[in-house]
Amino acid sequence: KFSSLYFIANGITPTQLAVIGSCQSIAKLCGYPTFGMIADSFDNAKSLLCFSLIASNSMFLLFYFPSTKSILFAHFYLLLVARAFRSYCNCIWVLIDAVTMKLIRNQTNYGKHRLFGSIA
């Protein structure tokens, strides 16, 4: 939620911040259906969920270490690729829905699971 303030504090201009936000939205637009299709075709959403968590969080860790942080903020295109890749791999909700559908395959109360997942 505070990533825009973090980026501005590290020298990113508002225009560059808008480009990053747009690329993140486009990456999610491509990543959600891709990960959902892979989860459905291989019927193994749990391992894909683990991969998604590891990949997106490893990209997040690039901003923690000072050496990689300075490289990312020095080159805007590397920062753009890192954020887009993180958004592409961060398909957790799609994969959680796939796991939920697999768990309640023969039941008709998916709405209850979806409702309590939204509340939590």
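Could you say which residue among F51, F116 is modelled with pLDDT of 80 or more, in a helix (DSSP H, G or I) and open to solvent by 40 Å² or more (accessible area, probe 1.4 Å)?
On the way: F116 fails: modelled with pLDDT of 80 or more.
After ruling out the rest, the residue left standing is F51.
Is there any pair with a first residue in the stretch 1-29 that is at positive phi and in contact (Cβ under 8 Å) with a residue 40 or more places away in the chain and a second that is surrounded by 13 or more Cβ atoms within 10 Å (Cβ to Cβ) and hydrophobic (A, V, I, L, M, F, W, C) whose Cβ atoms are under 9 Å apart and which are 6 or more apart or on different chains, and what are they?
Cβ pairs passing all conditions: G11/F73.
What about L29, is it crowded, with 17+ Cβ neighbours inside 10 Å, part of a helix (DSSP H, G or I) and at pLDDT 85 or above?
Details: crowded, with 17+ Cβ neighbours inside 10 Å: no; part of a helix (DSSP H, G or I): yes; at pLDDT 85 or above: yes.
When the stated conditions are applied, L29 does not pass them.
Sort through Y88, Y64 and tell me the only one that's hydroxyl-bearing (S, T, Y) and either in a helix (DSSP H, G or I) or open to solvent by less than 40 Å² (accessible area, probe 1.4 Å) (or both). Lay out the reasoning, then the answer.
Details: Y64 fails: either in a helix (DSSP H, G or I) or open to solvent by less than 40 Å² (accessible area, probe 1.4 Å) (or both).
Just a single option satisfies the conditions, and that option is Y88.
Filter the stretch 1-26 down to the residues that are over 12 Å from L79 (Cα atoms) and not in a loop (DSSP other than H, G, I, E, B) and list them by number.
S3, S4, L5, Y6, I8, A9, P14, T15, A18, S22, S25, I26
Out of (1) exposed (fewer than 12 other Cβ atoms within 10 Å of the Cβ); (2) modelled with pLDDT of 80 or more, what's the single condition that is false for N106?
Evaluating N106 over (1) exposed (fewer than 12 other Cβ atoms within 10 Å of the Cβ); (2) modelled with pLDDT of 80 or more leaves (2) as the failure.
Under 15 Å from the mean Cα position of the chain (by Cα), under 13 Å from F85 (Cβ atoms) and open to solvent by 40 Å² or more (accessible area, probe 1.4 Å): is that true of S58 in this structure? Break it down stepwise before answering.
Values: under 15 Å from the mean Cα position of the chain (by Cα): yes; under 13 Å from F85 (Cβ atoms): yes; open to solvent by 40 Å² or more (accessible area, probe 1.4 Å): yes.
For S58, the condition - under 15 Å from the mean Cα position of the chain (by Cα), under 13 Å from F85 (Cβ atoms) and open to solvent by 40 Å² or more (accessible area, probe 1.4 Å) - is met.
Would you mind telling me which numbered condition in (1) exposed (fewer than 15 other Cβ atoms within 10 Å of the Cβ); (2) of a type in the set (A, V, I, L, M); (3) under 30 Å from L103 (Cβ atoms) A74 fails?
Just one mismatch for A74, condition (3).
The values are calculated or read from the model by the stated rules, or taken from the named source; none is laboratory data. From a predicted model like this one, the values you see are computed outputs, not experimental measurements. Neighbour counts run over all protein chains shown; Cβ positions are idealised from the backbone, glycine included. Accessible surface is based on the protein model in full, side chains and every heavy atom, while ligands, DNA and RNA are left aside. Shrake-Rupley method; radii C 1.70, N 1.55, O 1.52, S 1.80 Å.
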